[in-house]
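Notes to accompany the following structure.
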Amino acid sequence: MQSVLNTVKGKALNVAEYLTPILKESKFRETGVLTPEDFVAAGDHLVHHCPTWQWAAGDENKTKPYLPKDKQFLITRNVPCYRRCKQMEYVGEETLVEEESGDGGWVETHQLNDDGTNQLDDKICELTLDESKDEMHTPNSDKMLPTAAANDENDDDDEAIDMDAFEESGMLDLVDPAVATTTRKQEAETRPCNTTASVVASETASSGDSVLRTRTYDLHITYDKYYQTPRLWVFGYDEQRKPLNVEQMYEDVSQDHAKKTVTMESHPHLPGPNMASVHPCRHADIMKKIIQTVEEGGGQLGVHLYLIIFLKFVQTVIPTIEYDFTQNFNMS
């Protein structure tokens, strides 16, 4: 139902955008919106300081006349995404660990179970140290014991051991009790020999779930004529550079924003499948508040910095897509 509503809303906004006149006068400081000229100026600044971003022309049939033909939208490719958002969203209560400092302390988010363990314990092999001395017992050891006891005090005076005789005694095959050994689970001990191949295959498949799957994303920034703000678009690929489906892309979006702030819509400059887009309805309000905060601190925010700041506050929607290597920005 939510996807249907988003589709209907998207069609209506396309009509509204078509009917909306082009903003001619800059109202950046008053309302946080941009003219097409402001968007191009901010894009040029982003490309100059962050060369991973580039201008793109897009499909000629979808060229917007209010933007230069070679500067229709901005694009950066192959942005890494190492984790899924659900790996960052912890379930359970947080514990305030320290509160003596004036900063209000810090928070411990990884909680342990009642028995003091956590989920990682199941993935760690149990290491045991066998202190048994019986492993050093050999058939010839009983014969050697009296001699060894008698010669304990005269070890320094004994002749060097014959290595051939030492090897024949079987001592080289013994296990040193000081070496840590791993213990396998009970089910591994009861597996039939004729199922070795299937067992190895199943273990490989199950262990694959723990392998770090690195996705990559292409990010686009377009100018939204209706909202008069930038708009971010993302499209993802798996390790084999195969396009992700809709649900897979939503895995890399904050669950507070998936299918709400972030929806799948058609790109304004490119044909092809729908792309995930961060809806721009709140962008102007957020930028206006940032401008006011900077001015209250005695600073001044130029329109050329718009996209630098825009990319920083949009990061909260897609926190695992690591694209923000832009210049630092201080609001004070």
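Can A57 be described as modelled with pLDDT of 95 or more, surrounded by 17 or more Cβ atoms within 10 Å (Cβ to Cβ), more than 24 Å from I318 (Cβ to Cβ) and not polar (S, T, N, Q)? The answer is no for A57. Just one of the listed residues (V253, V294) is touching a residue at least 60 places away in the same chain (Cβ under 8 Å), of a type in the set (A, V, I, L, M, F, W, C) and buried (at least 16 other Cβ atoms within 10 Å of the Cβ), namely V253. Looking only at residues in region 297-316 that are in contact with a helix residue (DSSP H, G or I) (Cβ under 8 Å, 6 or more places away or on another chain) and part of a loop (DSSP other than H, G, I, E, B), the one that is most open to solvent (accessible area, probe 1.4 Å) is Q300.
For region 256-286, how many residues are among the aliphatic types (A, V, I, L, M), open to solvent by less than 30 Å² (accessible area, probe 1.4 Å) and farther than 16 Å from I318 by Cβ? If you could, list the steps in order and put the result at the bottom.
Taking region 256-286 first, the residues among the aliphatic types (A, V, I, L, M) are 258, 262, 264, 270, 275-276, 278, 284, 286.
Among the residues that remain, those that are also open to solvent by less than 30 Å² (accessible area, probe 1.4 Å) are: 258, 262, 275-276, 278, 284.
Checking the rest, the ones that are also farther than 16 Å from I318 by Cβ come to 284.
Qualifying residue count for the region: 1.
Of the conditions (1) under 20 Å from G43 (Cβ atoms); (2) touching a helix residue (DSSP H, G or I) at 6+ places or on another chain (Cβ under 7 Å), M275 fails just one. Which one is it? Status for M275: all satisfied but (2). Per the listing R231, R241, the residue uniquely open to solvent by 10 Å² or more (accessible area, probe 1.4 Å), touching a strand residue (DSSP E or B) at 6+ places or on another chain (Cβ under 9 Å) and modelled with pLDDT of 95 or more is R231.
The values are calculated or read from the model by the stated rules, or taken from the named source; none is laboratory data. A quick note: this is a predicted structure, and the numbers were derived from the prediction, not measured. Cβ atoms come from the backbone with ideal geometry, glycine included; neighbour counts cover every protein chain shown. Note: accessible area is taken over every heavy atom of the protein model, side chains too, but ligands, DNA and RNA are not part of it. Shrake-Rupley method; radii C 1.70, N 1.55, O 1.52, S 1.80 Å.
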